[in-house]
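Here's the structure, in structure tokens; my notes come after.
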Amino acid sequence: MKKPMVFVANWKMNMPFKSGLSFIQDNVDLLAQLNDNHHKKIILCPSFPFLMPIKKELNQLPLFLGAQNCSEHAEGPFTGQVSAHMLAEAGCNYCIIGHSECRSMLKETNEQIAAKATQLIKAKVIPIICIGETLEQKMSQKTTEVLCNQLTPLIKELKQHTGTIYIAYEPIWAIGTGKTPSGYELEEISAFLVNFLNQELPNTNTTLLYGGSVNEANTQEILNIPAIGGLLIGGASLDFKNFQKIVSLSR
Ligand code: PGA
């Protein structure tokens, strides 16, 4: 059976509650039509305080809820953190982890990100694990080495996992910059990643996503790459019309 094409809207800290609500309430019919054949998986990722009210709005719609991060711990004295189990209780089916903004600003390590994936899987929340290289690493031909290093602790943790995970390849130099890899580069890296993941996690149902300056103009070319199963969309997911165009362009 053909896997659904995945569209993750990463709203980051950019969507105030009222805007998030009108994104859904003003476009209920259009949102339902976007996925009327259920061949697409559309996941909205608002900030923590809005997860539950947004979930309520999504009630009758064929859309899913995701969070933007979680703790690597199950519970305990971790002020300000949110556990995977709490996200599940709030109605999340998905959670982004390892985003480059969290890796750099919160100093998250590959090991912590692997532990977060385990917590999410235990809580029955599907992890969307971001990986990606800096421009400097790309220029010194280290991309595949960096991606493999980022994935190594995760592979160790997930050896026995038979469920679903999403890996989002997001070159750091492409996030929010308007730049994207060339079609040839992206095809090469995504084929490498899919082979690597199939080899290292043969029992896991892995889907590869691409993220970094996705917009209506580049969506078609990216989604024509056979190894890519969906998109992680930041800036272009904040405006309903832009997001709608991107989702409508999928095969
Ligand atoms: P962007 O962000 O689409 O604005 O580049 C993507 C992301 O950071 O997930």
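Just so it is clear, none of the values below were taken in a lab; they were calculated from the coordinates. In this text, all values refer to a predicted model and were calculated from it rather than measured experimentally. Cβ atoms come from the backbone with ideal geometry, glycine included; neighbour counts cover every protein chain shown.
Observations
- Criterion (charged (D, E, K, R) and under 25 Å from HIS38 (Cβ atoms)) met by exactly one of LYS156, LYS179, LYS241: LYS241
- Total residues in region 1-18, condition within 16 Å of the ligand (Cβ to nearest atom) and either part of a helix (DSSP H, G or I) or surrounded by 14 or more Cβ atoms within 10 Å (Cβ to Cβ) (or both): 9
Matching residues to (1) among the basic types (Lys, Arg); (2) touching a Gly at 6+ places or on another chain (Cβ under 9 Å):
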| residue | (1), (2) |
| --- | --- |
| VAL6 | no, yes |
| LYS18 | yes, no |
| SER22 | no, no |
| ASP29 | no, no |
| ASN37 | no, no |
| SER47 | no, yes |
| LYS55 | yes, yes |
| LEU63 | no, no |
| GLY66 | no, no |
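- Residues in region 82-97 that are touching a helix residue (DSSP H, G or I) at 6+ places or on another chain (Cβ under 8 Å), of a type in the set (A, V, I, L, M, F, W, C) and more than 16 Å from the ligand (Cβ to nearest atom): VAL82, ALA84, LEU87, ALA90, CYS92.
- Residue match in region 201-219 (condition: surrounded by fewer than 21 Cβ atoms within 10 Å (Cβ to Cβ), within 16 Å of the ligand (Cβ to nearest atom), touching a residue at least 40 places away in the same chain (Cβ under 8 Å) and among the polar types (S, T, N, Q)): no
- Some residue of region 39-59 being acidic (Asp, Glu) and either touching a residue at least 12 places away in the same chain (Cβ under 8 Å) or touching a His at 6+ places or on another chain (Cβ under 8 Å) (or both): yes
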